[in-house]
Amino acid sequence: MLKKFLAKLGKGAATVDLQFQPRSYAVGDTIQGEVLLQGGQVDQKINKLSVHFMMKVQAPNGHSAVRQVEVISLTDAWTITTGEKKVIPFTYTIPTTLPLSRGSVSYYFDTQLDIEGGVDRTDVDFIQVTGSQRIQAILDSMNRLGFQEKSTSGKLDTYGQEFEFFPTTSYAQTIREVELRFAEQASGVTVWMEVDCKAGFGEIEAKREFMLSVDMVSTPHRLDAELKQYIEEMMQQPESFKQPFSFKQAHGKSSSMLPGMIGGLAVGVLGGVLLSELMDGFGLDDMMGDATEALGDMEEDFEDSFEFGDFFEED
């Protein structure tokens, strides 16, 4: 009787452990693993076993949002007996339009064992989501051309995910930043490129979009030459590249107009309003209000800590 009571409180109850290797997967990859269940000191009825794939997005001001990407149900109700060991296969395919793991975007699996009349057991496992071979080939090419990805790269907005690079070598005198977005199709990768060119004390934005074929992204020297040509043309004649990006024109008309957009899944998972709030730092007005309130508190603390009358009397 005591064991049953303690099990309801979580002591001596069944445990759960999701196991898989490695801990880094590209979009489109399939994870093969297993969930290990260990019965406790008493028989317990299990309502459900499920794995929740979670996304966490961090805003620049420290605020964050956690949202569920998908639930993988593994079992229905059953009873796990005292000391019983059970292994449940686990399979999950990473969505191809998921944002890639970056400083502001992270992922984890939350395995939940729903125990009837007791404390539910959980197991949290973090995972890195990387780009496909094609996307990674483009990122590597940018690095070979002398562009390094910024620490703030990978931010999300209501269109998808943007990757930012700064020049480290010969382009440092003429280019401030290069921004890229990607969409994968069977024929290759569509790239939206923005080059912020230095012009006196200001800068000029040049924009263009193009398709890199499967053969192109599979051949490093061809890919390097192609990207270099695009960047230098935009750098030399930025005024000639002012066409608005097609994904902005298509946005809101039909989601099918933007197939394979990297990071596009975040819009549906987080919702447009929350995503906008996150990227705007939850509003400048709120931040200024908090700062003003903090200054007021500091002023009150200062006055309370200094008794001017007593000070002058003692002097």
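No value in this document is a laboratory result; all are computed from the given coordinates. All of these numbers come straight from a predicted model, not from anything done at the bench.
Quick check: residue separation of Ser218 and Thr122 times 0.36 nm, minus the Cα distance between them. What number comes out in nm?
Stretched out fully, the Ser218 to Thr122 stretch lengthens by 30.4 nm.
Take every Cα pair under 8 Å in segment 2-130 that's 6+ residues apart, average their separations, divide by the length, and report that relative contact order as a whole percent. All intermediate terms of the calculation are to be shown ahead of the outcome.
Details: 322 pairs, mean separation 44.5, N = 129.
Dividing the mean separation by the residue count of segment 2-130 yields 35 percent.
Given the pairs Lys198/Lys228; Lys56/Lys207; Lys45/Lys85; Lys155/Lys228, which span a C-alpha to C-alpha distance of over 22 angstrom in this model?
On the way: Lys198/Lys228 17 Å; Lys56/Lys207 30 Å; Lys45/Lys85 15 Å; Lys155/Lys228 24 Å.
Exceeds cut-off: Lys56/Lys207; Lys155/Lys228.
Please list 3J(HN,Hα) in residue order for segment 142-148, calculated via the Karplus relation 6.51 cos²θ - 1.76 cosθ + 1.60 where θ = phi - 60°; whole Hz, with x for glycine and proline.
Along segment 142-148, the couplings run 4, 5, 5, 7, x, 10, 10 Hz.
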